[in-house]
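The values are calculated or read from the model by the stated rules, or taken from the named source; none is laboratory data. What you see is a predicted model; the values in this text were computed from it and never measured. Because the Cβ atoms are built from the backbone with ideal geometry, glycine has one as well, and the counts that use them run over all protein chains shown.
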Amino acid sequence: MLREKLKNYNVILASKSPRRQQFFKDLDIDFTIELIEVEEIYPKELKGAEITNFLADLKSQPFINLSEKELLITSDTIVWLDDVALGKPKNEVEAFKMLRNLSGKKHEVITSISIKNKNFQRIISDTTIVSFKDLTDQEINYYIKNYNPYDKAGAYGIQEWIGFIAIENMEGSYFNVAGLPVHKLYKELMSL
């Protein structure tokens, strides 16, 4: 269905996230992957979805020669806890600190998507509220040592062991927490 809708576009996914790439395959979207690295720095006064909207747009800016037939999709996800954005941890110490801070609390997972070509740009976002159980240091260390928290906002993947044992409740989209609100992306692409 979506493949037919997008047949006149060359869809470009600018993401190295294996989860986002798999979501595109599962939505039956024909796409190519093009990566242009940007330094993900945003103005400190931005809050919540303002941050992910800014970063999704920032990731689209290096693609300056898009045609009418090209459709560029960029995205960004953060974990928002106590008015602080948690991105990807740089090391084991940061990963531990993030997971310790998430333990026993509710947080928001916010993802924004930029859909852009020569003539237009749309930015959409989605928020999911996630409640974590109290985690022991042993559980946090087990996850860090046996999985890869370094490529995930907030140092965790919902689809991994920590998601199985830590998430007590969730309000919103599972797929948003995994890195892409596919229901919103589908709706936007179908409306083109």
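For segment 148-171, a residue qualifies if it is more than 16 Å from Asn91 (Cβ to Cβ), buried (at least 16 other Cβ atoms within 10 Å of the Cβ) and within 14 Å of the chain's Cα centre (by Cα), and the qualifying residues are Gly157, Ile158.
When Asp126 is tested against the conditions (1) farther than 16 Å from Gly163 by Cα; (2) surrounded by 21 or more Cβ atoms within 10 Å (Cβ to Cβ); (3) touching a residue at least 60 places away in the same chain (Cβ under 8 Å), the lone failure is (3). For the condition more than 12 Å from the chain's Cα centre (by Cα) and over 18 Å from Ala155 (Cα atoms), Glu70 qualifies.
Starting from residues that are under 17 Å from the mean Cα position of the chain (by Cα) and at pLDDT 95 or above, keep the ones in segment 179-192 and report whichever is nearest to Glu94 (Cα to Cα).
Leu180
Restricting attention to segment 1-43, the residues that are of a type in the set (Val, Ile, Thr) and loosely packed, with under 11 Cβ neighbours inside 10 Å add up to 2. The sole residue among Phe63, Phe96, Phe54 that is within 17 Å of the chain's Cα centre (by Cα), surrounded by 15 or more Cβ atoms within 10 Å (Cβ to Cβ) and either at pLDDT 95 or above or not in a loop (DSSP other than H, G, I, E, B) (or both) is Phe54. Restricting Lys145, Lys133 to those that are basic (Lys, Arg), within 21 Å of Pro18 (Cα to Cα) and surrounded by fewer than 22 Cβ atoms within 10 Å (Cβ to Cβ) reduces the list to Lys145.
The condition of being under 22 Å from Tyr186 (Cα atoms), of a type in the set (A, V, I, L, M, F, W, C) and either in contact with a helix residue (DSSP H, G or I) (Cβ under 6 Å, 6 or more places away or on another chain) or in a loop (DSSP other than H, G, I, E, B) (or both) holds for only one of Val109, Val38, Val11, that being Val109.
For (1) small (Gly, Ala, Ser); (2) modelled with pLDDT of 95 or more; (3) under 25 Å from Asp57 (Cβ atoms), each residue gets a yes or a no:
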residue: Ile113; (1), (2), (3): no, yes, yes
residue: Gln121; (1), (2), (3): no, yes, yes
residue: Ser125; (1), (2), (3): yes, yes, yes
residue: Ser131; (1), (2), (3): yes, yes, no
residue: Asp134; (1), (2), (3): no, yes, no
residue: Asp137; (1), (2), (3): no, yes, no
residue: Trp161; (1), (2), (3): no, yes, no
residue: Ile165; (1), (2), (3): no, yes, no
